[in-house]
Each structure stands twice: as C-alpha cells, then as structure tokens.
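Take a look at the structure below.
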Amino acid sequence: MPEINVTEHLLLNQKRTPMARGRLTHLLNQLILSFKIISREVSKAGLVDVLGFTGEINVQGEEVKKLDEFSNDVLIHRMSRAGVLCAMASEENESIIEIPKGFPTGDYVLIFDPLDGSSNIEANINIGTIFSILRRKSSADGDCEMSDLLQQGVEQVAAGYCIYGSSTMLVMTTGSGVHGFTLDPSVGEFLLSHPDLKIPERGKIYSINEGYTSYWDDATKEVVNWFKDPSANDLGKPYSSRYIGSLVADFHRTLLYGGIFLYPSDRRDPKKPKGKLRLLSEANPLAMVVEQSWGLATDGADRILEVEPSELHQRVPLVIGSPHEVEIVRNIYKKHGY
Ligand code: P6P
C-alpha cells in the first residue's frame with residue numbers, strides 16, 4: 001500500500017489544529033511545488049548548460065552558479081504569488097524581498113537558502129534548499145518590517161530542507177515532530193518515507209572541516225581532539241570523520257545516523273569571526289528540525305533557537321546533532337569560558 005503523500009499528510013496535520021485556516025498548508029504546498037521544479041533542473045544539470053557561472057557575484061561575495069540563480073528565481077516567483085506572505089529573505093539577496101504591489105499578501109514570512117552547497121554541483125554531490133517560516137509580528141495593515149524577519153528561531157512555525165541527490169527528499173517540521181518525504185518522479189509526488197524521524201541519542205561520526213585547524217581557538221581544538229582521541233572520549237575508539245562540504249548533506253547524514261556536525265568560528269576571515277553559516281537561513285531551520293527530532297543545536301555553548309538576530313545575513317557558529325555529543329561539546333566550551 002503506497003505511503004500517503006505530503007499533501008495528505010499536511011491536511012491531516014492541519015485537521016489537528018482546529019483554528020487553522022489552511023494558509024500554512026497552502027504556503028507549504030507552494031514551496032513543495034518549487035522543490036519539484038528545482039529538483040527537475042538539478043537532476044539534468046549535467047545535461048543542460050545550467051552549470052557554470054553567471055559571472056554575477058552574490059551578497060556573500062561568492063560566484064553565483066546558474067542553478068543557484070534559477071532556484072532563487074523559482075522560489076521568489078512562486079512564493080510571491082502564494083498570497084500568504086508579507087515578505088521573504090534569501091541568502092542570495094542582500095535585503096528583504098517585498099511582495100510586488102497588487103499581489104495578495106498574508107501573515108507569514110519565508111526565509112530560505114535556495115541552493116545550499118552549490119559549489120558542489122559539478123561533482124554531483126548532494127545539495128539542498130533550506131527554509132524557515134515565521135509569523136509576522138508587525139500589524140497586518142502595514143508593510144512587513146525588518147523586525148518580522150529578525151525573530152529568534154523559537155518563533156519559527158515550520159522549517160526544513162529539500163535535499164537533491166540520489167533521490168530528492170523533503171525533511172520538515174511544523175512543530176509536531178519531523179517527517180521525511182521521498183519524491184517519486186514517476187508520479188511527481190513526495191511520499192511519506194520517514195515518519196516521525198528521531199536522531200540517535202549518540203553517534204560515532206563527527207563532521208568538521210579540519211583544514212581550518214590552525215584558525216581554531218583552544219576550545220575547538222580540544223573539542224575535535226575529544227572525538228579523535230579514544231583516551232579522551234567515552235566511545236573507547238576514535239569517532240569516524242565525515243565531511244562533505246554541503247551543509248544539507250552533512251546534516252541529513254547526522255540526522256539519520258547520529259553524531260555531530262560543527263562549523264565553529266575561526267580566525268580565517270576577520271569579516272566572518274562567527275564562521276560561515278547564516279543564522280536565519282541555515283542554522284535556525286536546521287536547529288528546529290533537530291530539536292523536533294530530539295537532538296540539540298548550539299553555537300558551541302548556547303541554544304541556537306534563542307540567539308537574538310540583529311541583521312539579515314548574520315553568521316553564527318553551529319554545533320548540531322545527537323544530544324550526547326552536543327552536550328559534550330557544550331561542556332568543553334563552557335570550561336573555556338564561553
Ligand atoms: P567550507 C557550502 O558552500 C556551505 O555554505 C555549506 O553548505 C557547507 O557546510 C559549508 O559552506 C562548507 O564550507 O568552508 O568547509 O568549504
């Protein structure tokens with residue numbers, strides 16, 4: 001008997017919220033359609049001249065690949081017409097994305113990274129779209145304000161990611177657990193393949209870019225040594241090291257297998273003292289997913305979902321995964337005065 005599809009799952013979910021008017025369900029369904037369109041282009045990236053650079057430079061100073069731009073355009077175009085948003089923000093756009101005049105608006109705010117890990121496209125490595133949904137706080141009769149986007153992660157009403165790889169999979173939460181849906185391209189439906197995902201309480205894998213060791217502080221060096229040194233850790237053997245360099249892929253493996261992913265602050269780039277990952281479009285949505293699957297997410301010491309945002313593209317160190325390993329890391333950072 002085929003599993004239910006994501007649309008049926010969202011309707012069942014909506015019925016559990018008596019006051020729900022179906023707007024969040026509609027928002028998510030429009031997002032899901034965008035993921036199907038992006039997945040189609042990603043799957044043929046090797047065949048069509050979608051690879052290569054547009055020559056543009058995004059707000060992060062990175063060269064924009066065509067699939068990045070395409071994914072960003074698909075999401076902005078479709079979500080502008082969803083009729084339930086008052087504003088959006090994208091990792092690819094420097095400022096707030098307003099809903100064009102004349103388009104119907106609503107009470108939700110959408111923040112996304114349209115195609116994270118895009119530097120891996122040519123190598124056929126998994127990449128993904130990460131999304132975060134908030135409810136506006138400003139009064140409904142005025143324009144959306146920056147404060148509607150700069151909300152703590154605890155305010156998110158839904159979050160998740162779509163990973164494009166050997167199969168396309170949507171992993172998301174609306175606050176009642178985490179569920180995974182695998183796209184069946186033959187019928188164009190996301191089918192419930194991983195109901196009620198829970199991260200293992202502890203794992204055997206740590207994931208960090210050790211190429212930056214010389215830029216880390218002593219706390220981070222002690223953390224990584226704990227995973228590598230069987231006399232220091234409580235596993236009795238070294239943890240395995242896995243690092244893909246695509247956040248969605250590294251996180252997805254951590255969610256399914258357990259263990260920990262870390263992108264700490266480092267001294268590599270004085271302009272990015274808090275590391276490379278963005279709070280609003282990467283850390284917050286993945287932190288909501290991991291907490292809903294009984295995992296933890298910190299900036300090393302403190303809960304990601306309680307970090308107070310001050311700017312749209314604010315970066316934050318990220319330590320995320322199984323509770324056992326995240327707590328070990330938190331204790332080491334606390335010992336160093338974090
Ligand atoms: P580094 C991809 O560019 C990305 O934003 C994330 O997907 C990934 O986790 C990170 O950067 C990898 O960064 O510095 O290890 O190459």
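Tabulated results
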| item | result |
| --- | --- |
| Charge tally in the Cβ shell below 14 Å around D266, where Lys, Arg are +1 and Asp, Glu are -1, D266 excluded | +3 |
| Cα-based shape type of region 6-194, given that a ≥ b ≥ c are square roots of the gyration tensor eigenvalues and the cut on a/c is 1.5 | oblate |
| Inter-label distance, nm, simple model (7 Å from Cα along the C-beta direction), W294/L33 | 3.7 |
| Cβ charges +1 (Lys, Arg) and -1 (Asp, Glu), total dipole of the chain, debye | 600 |
| Region 163-209 - percent relative contact order, Cα under 8 Å, separation 6 or more | 26 |
| Pairwise label distance in nanometres, R267 with S147, each label 7 Å out on the Cα-Cβ vector | 4.0 |
| Magnitude of the charge dipole, region 6-194, Cβ model with Lys/Arg +1 and Asp/Glu -1, debye to 20 | 940 |
| No Cys partner within the rule (Cβ under 4.7 Å), the chain | C162 |
| Tilt relative to the chain, helix 23-43 - C-alpha long axis, 0 to 90 degrees, to 10 | 70 |
| Near-label residues of region 76-99 by backbone N, under 13 Å of a point 7 Å along Cα→Cβ of L11 | none |
| Relative contact order computed over region 6-194 (Cα-Cα under 8 Å; 6+ residues apart), in percent | 14 |
| Helix 66-80 axis, angle to the chain major axis (alpha carbon atoms, nearest 10°) | 50 |
| Residue-count net charge about V178 - beta-carbon cut-off 11 Å; Lys, Arg +1, Asp, Glu -1 | -1 |
| Cα lying deepest toward the dipole's positive end in region 149-246, options I208, F190, T174, charges on Cβ | I208 |
| Anisotropy class of the chain from Cα gyration tensor, a/c 1.5 cut | rounded |
| Among P18, P317, P185, residue whose mean-square fluctuation peaks in a GNM of the chain (springs only between Cα atoms under 10 Å) | P18 |
| Placed amide H near A87: partners under 5 Å, 5+ positions off or other chain | L110 |
| Contour excess over end-to-end distance, with Cα ends at I125 and K137 and 0.36 nm allotted per residue | 0.5 nm |
| Distance between modelled label sites at S95 and E201, nm, 7 Å Cα→Cβ extension | 5.1 |
| The chain: relative contact order in percent, alpha carbon pairs under 8 Å with at least 6 residues between | 15 |
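Read-outs: derived from the displayed coordinates by stated rules, not from any lab. Predicted model, so just to flag it, every value in this text is computed and none were measured. Note that we place each Cβ from the backbone using ideal geometry, even for glycine, and neighbour counts take in every protein chain shown.
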